[in-house]
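Structure record follows, encoded as structure tokens.
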Amino acid sequence: MNSDSGHTQSIWMDTAEVPEFPALVEDIRTDVCVVGAGIAGLMTAWFVSRDGKRVVVIDDGPVGGGETSRTTAHLVNAFDDRYYLVEQEHGERAARLTAESHTAAIDALERIVREEGIDCDFRRLDGYLFLSEEDREKHPDILEKELKAARDAGVAIDWADRPPIDFGTGRALRFRNQAQFHPLRFLGGLATALANRGVKIYTRTHAESIEGGPSPKVKTSDGRTITARAVCVCTNSPISDYVVTHIKSAPYRTFVIAAKLREPVPVGLYWDTPDPYHYVRLMKGDGSANDYLIVGGEDHKTGQKDDALERFRCLEEWTRERFPQAGEVKYRWSGQVLEPADALAFIGPNPDGAENVYIATGDSGNGMTHGPIAGMLLADLIEGRRNAWSEIYDPKRVALRSAPDIIRENVNVAVQYADWLKPGEAGSVDDIPPGEGAIVRRGLHRVAAYRDEAGNMHERSATCTHLRCSVRWNSTEKSWDCPCHGSRFDPYGNVLNGPALKALGPAEPEHEHHEPRPQRATEARGPAA
Ligand code: FES
């Protein structure tokens, strides 16, 4: 399948067929409208439809075409922001609810796989957390602290004196009964099951605005209106909340390689402890020489570096030093992760108060379990059922202990506005080779200039349509990425990822004439759904 979230191809995109669905061509009424057809959106549709609700799902790309196609699909209650930090920040009860919700998420997904007979390589396996070389020196007590906090929270965890992969890791924490799966085969099967039970799925359908109220409305860029009783915004970055969650979370890009195995590797999920950390799994989990070793890490803030090739090289070097079984690297890709400042996701009522509008975001490295959690929690909130998880995932919460992190991330955002004082990256559009983009200074204006493979120049304003940072070129994913809150735009300025709602505006004209930009079918349409 083709992704609509970047240029690179993940191993999942290359090994799954996802069913296609039509675009919305009329105004409709429903009980619940879900915006976004990734794992959070489809799991929400699943749980809400089980309550007997009529459900409509829309997405501007294919099912699973956003960040779900770029995950590595570790399905775990091994919470990657650490239980001892959740306990410090939010208390013991919150740590218990966190563990309970992620454990329930794995169980729920397994149940759906079984009930619907979805062929997605789902398997249970253990996960191992070990200290990096540096942390053995600097933070040797991380594992002891995590063992105690995770046990207190109810996680099945113990010591493994020697984890199955033995490259001098020392003893590791073993998280029992985790899982992995093929995320796109799962989503494809789930989409089919949803359609069979009457859920309406529309792709190539952009949500242009979302309006709360007794009958909330989603308006599409094609001029259609969906009127519902509740709207669930399950986009990677919420497009219904302009400020609140974006102040409390930060967007990062993470990088992944998949190498064909020459010899078997012991089955398991593996993580080390630095920030950013490495995460490792096998594709199928049979450990055979037909399998792939998938390794991720090397994260940086979205839009603040353009050195993906170096990140891939570092990942490969790290992998080869530890896994001599790894053969040729066949896949390299990157994905986007939203890191909440206080470690917990934002799942619940839209924080700006829009009535009957709900969001699910802030997945950190646990998006595969946050998807089912969003489904279960949002279904309960819509039905008015009590759910204790709503306490910890409330998007309106203020966690005072995380104030230093919030300040640090927002100072970092403020610094990005200094781009407006800087010269362009290219002296002239003539310096930009085919297939590349660069920012060009034109008087007071900054222009996002892209030269396509045929040599035609396409220019847009570099001003992000969210809160007016200047976008930057991502030469690997061929996108304009905003360094402030992670909005992303394709080479022609169309929105790939929120919080921006609108495409980049027209560029300030130059005195010289350039080829007019061809009108793309999707151009000038609204946000990524
Ligand atoms: Fe907020 Fe661009 S994403 S200014």
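Given their separation in residues at 0.36 nm each and the Cα-Cα distance between them, ASP286 and LYS145 gain 47.5 nm when the chain is fully extended. Measuring nothing but how far apart in sequence close Cα pairs (under 8 Å, 6+ apart) lie, relative to its length, segment 162-234 scores a relative contact order of 15 percent.
Mind checking the full-extension length gain between ASP275 and GLU316? Use 0.36 nm per residue of separation minus the Cα-Cα distance, one decimal, nm. Mind dumping the intermediate values first?
Numbers: separation 41, 0.36 × 41 = 14.76 nm, distance 1.78 nm.
The span from ASP275 to GLU316 would gain 13.0 nm if fully extended.
If a spin label sat at a point 7 angstrom from the Cα of SER475 along the line to its beta carbon, the backbone N atoms of segment 428-444 nearer than 16 Å would be those of 428-440. Starting from the Cα of ASP394, move 7 Å in the Cα-to-Cβ direction to define the label point; list residues of segment 63-94 whose amide nitrogen is under 18 Å from there. Only 87, 89-94 pass the distance filter.
Computed from the mean reciprocal separation of all distinct C-alpha pairs, what Kirkwood hydrodynamic radius does segment 268-321 have, in Å? Please report the intermediate quantities before stating the final value.
Details: mean 1/r = 0.0807 Å⁻¹.
12.4 Å is the Kirkwood radius here.
With one equal scatterer per alpha carbon and no solvent term, the Debye-computed log10 I(q)/I(0) for segment 191-273 at 0.25 1/Å reads -1.32. You can think of it this way: the chain between ASP51 and VAL243 has 65.9 nm of extra reach, that is 0.36 nm per residue less the Cα-Cα gap.
Here the 3J(HN,Hα) profile of segment 302-310, calculated from phi with Karplus coefficients 6.51, -1.76 and 1.60 at θ = phi - 60°, is 3, x, 9, 8, 9, 9, 4, 4, 5 Hz, Gly and Pro shown as x. As a ratio to 2.2 N^0.38 Å, the alpha-carbon radius of gyration computed for segment 304-371 takes the value 1.64. Label-to-label distance for GLU115 and SER428 is 6.5 nm, based on points extended 7 Å past Cα in the beta-carbon direction. Remark on the chain: hydrodynamic radius 23.4 angstrom, per the Kirkwood mean of 1/r across alpha carbon pairs.
Anisotropy class assigned to segment 125-273 is prolate, per the alpha carbon gyration tensor with a/c at or over the 1.5 cut-off and a/b larger than b/c. At an R0 of 30 angstrom, the distance between the Cβ atoms of ALA23 and GLN304 translates into a FRET efficiency of 0.30.
For the chain, give the share of DSSP beta bridges that are antiparallel, in percent and rounded to the nearest 5; count only bridges with both residues there. Let's see the in-between values first.
Numbers: 70 of 90 bridges.
In the chain, DSSP labels about 80 percent of beta bridges as antiparallel.
Would you please give the FRET efficiency between ASP166 and ASN456, computed as 1/(1 + (r/R0)^6) with r the Cβ-Cβ distance and R0 = 60 Å, to the nearest 0.05? For ASP166 and ASN456, the calculated efficiency is 0.65. Per-residue Karplus couplings for segment 291-301, computed as 6.51 cos²θ - 1.76 cosθ + 1.60 with θ equal to phi - 60°, are listed in order as 8, 10, 9, 10, 10, x, x, 6, 4, 9, 5 Hz, Gly and Pro entered as x. Checking the Cα-Cα distances for LYS217/LYS305; LYS138/LYS301; LYS217/LYS248 against a 31 Å cut-off, the pairs over it are LYS217/LYS305. Relative to one another, the C-alpha centroids of segment 327-355 and segment 71-91 are positioned 14 Å apart. Here the scattering of segment 142-195 is modelled by Debye summation over its C-alpha atoms, one equal scatterer each and no solvent; at q = 0.15, 0.30 Å⁻¹ the log10 of I(q)/I(0) is -0.62, -1.14. Note on segment 2-49 and segment 256-284: Cα centroid distance 28 Å, given to the nearest whole angstrom. Ranked from largest, the principal axis spans of the Cα set of segment 63-145 equal 46, 31, 25 Å. Per residue, the average separation of C-alpha pairs within less than 8 Å and at least 6 apart gives segment 266-398 a relative contact order of 15 percent.
With only the Cα atoms considered, segment 259-361 has a convex hull volume of 144 Å³ per residue. Across all Cα atoms of segment 1-115, the radius of gyration (one decimal) and Dmax (whole number) stand at 17.1, 50 Å. The residues of segment 79-220 expose, per residue, 43 Å² of accessible area to a 1.4 Å probe.
Here the accessible area is traced with a 1.4 Å probe on the protein chains. For the chain, carbon and sulfur cover 48 percent of it.
The values are calculated or read from the model by the stated rules, or taken from the named source; none is laboratory data. As the structure is a prediction and not an experimental result, all values here were calculated from the model. Here Cβ is always computed from backbone atoms with ideal geometry, including for glycine, and neighbour counts include all displayed protein chains. Surface areas here come from the heavy atoms of the whole protein model, side chains and all, with no ligands, DNA or RNA. Shrake-Rupley method; radii C 1.70, N 1.55, O 1.52, S 1.80 Å.
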